[in-house]
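The values are calculated or read from the model by the stated rules, or taken from the named source; none is laboratory data. This one's a predicted model, so the numbers in the text were calculated from it and none came from an experiment. All Cβ positions, even for glycine, are placed from backbone atoms using ideal geometry, and neighbour counts span all protein chains on display.
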Amino acid sequence: MEDTIMEKKDLDWGNIGFTYMPTDKRYVADYKDGEWGEGRLTADPTVVINECAGILQYCQEIFEGLKAYTTEDGSIVTFRPDLNAERMMDSAVRLEMPPFPKERFLEAVDAVVRENAAWVPPYGSGATLYLRPYMFATGPVIGVKPSMEYQFRLFATPVGPYFKGGAKPLTICVSDFDRAAPNGTGHVKAGLNYAMSLHASVTAHAAGYDENMFLDPGTRTFVEETGGANFLFVTGDGEVVTPKSDSILPSITRRSLVYVAEHYLGLKVTQRPVKLAELKDFAECGLCGTAAVISPVGKVVDHGREICFPSGMEEMGPVTKKLYDTLTGIQMGEIEAPEGWIRKIV
Ligand code: PLP
Ligand code: COI
């Protein structure tokens, strides 16, 4: 690769959606007899497993999501993949699965990105290479118990914006369904959390909303998150507020934005429980996550009651925009990153 100019795939990079497109290589490693076997790269996107595999019967699966970016100087990098590796280890422990070692996770990410370098969208295209590490129970189980065998896989797919319309503010509704249970699995990235959010999201979409706002499952009075992103609010005097809860996913994007807000933009940030009843007092609202990046929310509808943020339905609020520009600037190599945030691959 060093002295040849790598030829990019011929895709309309500016117009791809958030959909799956198989790329050249993916990584696979199997866990058997109490240990992780050697990993390998394969061109085969199919998975063949036993009919009684733990994933098929009792949904024993966890996953991660991160992206590879082409930076301004033409390098290919990932953003804080160590935190995805650590979160996946935490998810594994909660689901009684053998954690996939952090160093191996990072090597797998590097290998898949390197092998699919031609699929990493060019700098400035608005698209990125989405990476999906996941692990599932392959061993047969019929009594309810953890499997003895697992597979870790990691594939890549080029993606555009998660929400159609890119940076246009979203309208979301307060859901009648809960995504998490008190003392449940809301804080880990397990497929089961997403399976049970599907009915809520189909219902919300059918009613014309872009997404759900889930409330805390204990009292249904505090804001939690959406099916795939954390919330971020801005007060009238420019303070950033993010909901704190034990049943939301500890978003790496949100944790990064908190740092960016404080250290790059000099903003005050508070992480605390946020009441549904106080939403009307905020000036801006956004959804943050790897897929969502920062997607502005213009309106929240709570059973017919509309909460319209002063930032409106046309564009991102000014503080949200500053956060967005700074975070994406760091990811694309335009703004110097904090130590250890960027892992250069090519
Ligand atoms: N919340 C949920 C439920 C998610 O699925 C995601 C996506 O990973 C996030 C939040 C955002 O997390 P991150 O910023 O680490 O992608
Ligand atoms: C991500 O942002 O990586 C996620 O996993 C969210 C998912 C719902 C697409």
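Which of the following residues is part of a strand (DSSP E or B) and over 25 Å from G34 (Cα atoms): P121, P158?
Being part of a strand (DSSP E or B) and over 25 Å from G34 (Cα atoms) holds for just one of P121, P158, which is P158.
What tally of residues in the range 124-147 results from selecting those that are β-branched (V, I, T), buried (at least 19 other Cβ atoms within 10 Å of the Cβ) and in a loop (DSSP other than H, G, I, E, B)?
Of the residues in that region, 2 qualify.
List the number of the failed condition for T23; all other conditions in (1) within 24 Å of the chain's Cα centre (by Cα); (2) without any contact (Cβ under 8 Å) to a residue 60 or more places away in the chain hold.
Single failed check for T23: (2).
If you check L56, L66, L83, which single one turns out to be in contact with a Pro (Cβ under 6 Å, 6 or more places away or on another chain), among the aliphatic types (A, V, I, L, M) and crowded, with 16+ Cβ neighbours inside 10 Å? Talk me through it step by step, then tell me what you get.
Values: L56 fails: in contact with a Pro (Cβ under 6 Å, 6 or more places away or on another chain); L83 fails: in contact with a Pro (Cβ under 6 Å, 6 or more places away or on another chain).
Answer to the check: L66.
State which residue pairs qualify: first residue assigned to a strand (DSSP E or B) and inside the range 334-346, second residue not aliphatic (A, V, I, L, M) in any location, beta carbons under 6 Å apart, and separation of 6 or more residues or different chains.
Going by the 6 Å Cβ cut-off, the qualifying pairs are R343/T78; R343/P81; K344/S75.
Among the residues of the range 232-282, write down those that are exposed (fewer than 14 other Cβ atoms within 10 Å of the Cβ) and among the aliphatic types (A, V, I, L, M).
A277
Within the range 272-295, how many residues are out of contact with any Gly (no Cβ under 9 Å at 6 or more places or on another chain) and in a helix (DSSP H, G or I)? Show your work before the answer.
Residues of the range 272-295 out of contact with any Gly (no Cβ under 9 Å at 6 or more places or on another chain): 272-280, 288, 293.
Then keep just the ones that are in a helix (DSSP H, G or I); that gives 276-280.
Of the residues in that region, 5 qualify.
I want to confirm something. Restricting to the range 148-192 and keeping residues that are under 21 Å from P296 (Cβ atoms) and aliphatic (A, V, I, L, M), which single residue is surrounded by the most Cβ atoms within 10 Å (Cβ to Cβ)?
If we take residues in the range 148-192 being under 21 Å from P296 (Cβ atoms) and aliphatic (A, V, I, L, M), then I172 is surrounded by the most Cβ atoms within 10 Å (Cβ to Cβ).
Conditions: (1) surrounded by 18 or more Cβ atoms within 10 Å (Cβ to Cβ); (2) near ligand 1 (Cβ under 10 Å from one of its atoms). G286 meets all but one. Number of the miss?
Failed condition: (2).
For the range 28-46, give me each residue that is β-branched (V, I, T), surrounded by fewer than 16 Cβ atoms within 10 Å (Cβ to Cβ) and part of a strand (DSSP E or B). First the steps, then the outcome.
Taking the range 28-46 first, the residues β-branched (V, I, T) are 28, 42, 46.
Keeping just the survivors that are surrounded by fewer than 16 Cβ atoms within 10 Å (Cβ to Cβ) gives 42, 46.
Of everything in the range 28-46, just one residue is β-branched (V, I, T), surrounded by fewer than 16 Cβ atoms within 10 Å (Cβ to Cβ) and part of a strand (DSSP E or B), namely T42.
Given the conditions (1) part of a helix (DSSP H, G or I); (2) within 16 Å of A108 (Cβ to Cβ), and given that K67 satisfies all but one, which numbered condition is not satisfied?
(1)
Just for the range 241-271: of the residues that are in a loop (DSSP other than H, G, I, E, B) and within 16 Å of ligand 2 (Cβ to nearest atom), which one is nearest to F79 (Cα to Cα)? Write out each step before concluding.
Residues of the range 241-271 in a loop (DSSP other than H, G, I, E, B): 244-251, 265-268.
With within 16 Å of ligand 2 (Cβ to nearest atom) added as a condition, the list becomes 248-251.
On the way: I248: 21, L249: 18, P250: 16, S251: 13 Å.
Restricting to residues being in a loop (DSSP other than H, G, I, E, B) and within 16 Å of ligand 2 (Cβ to nearest atom), the top hit is S251.
Could you list all residues from the range 182-240 that are part of a strand (DSSP E or B), away from ligand 1 (no atom under 15 Å from the Cβ) and of a type in the set (A, V, I, L, M)?
V234, V240
Restricting the search to the range 314-337, which residues are exposed (fewer than 14 other Cβ atoms within 10 Å of the Cβ) and closer than 21 Å to G208 by Cα?
Step one: of the range 314-337, the residues exposed (fewer than 14 other Cβ atoms within 10 Å of the Cβ) are 314, 318, 336.
Hit for the range 314-337 is E314, nothing else.
β-branched (V, I, T) and within 16 Å of ligand 1 (Cβ to nearest atom): does that describe V297?
yes
Taking T19 and the conditions (1) of a type in the set (S, T, N, Q); (2) modelled with pLDDT of 95 or more; (3) surrounded by fewer than 19 Cβ atoms within 10 Å (Cβ to Cβ); (4) more than 16 Å from ligand 2 (Cβ to nearest atom), which numbered condition does it fall short on, given that it satisfies the others?
(4)
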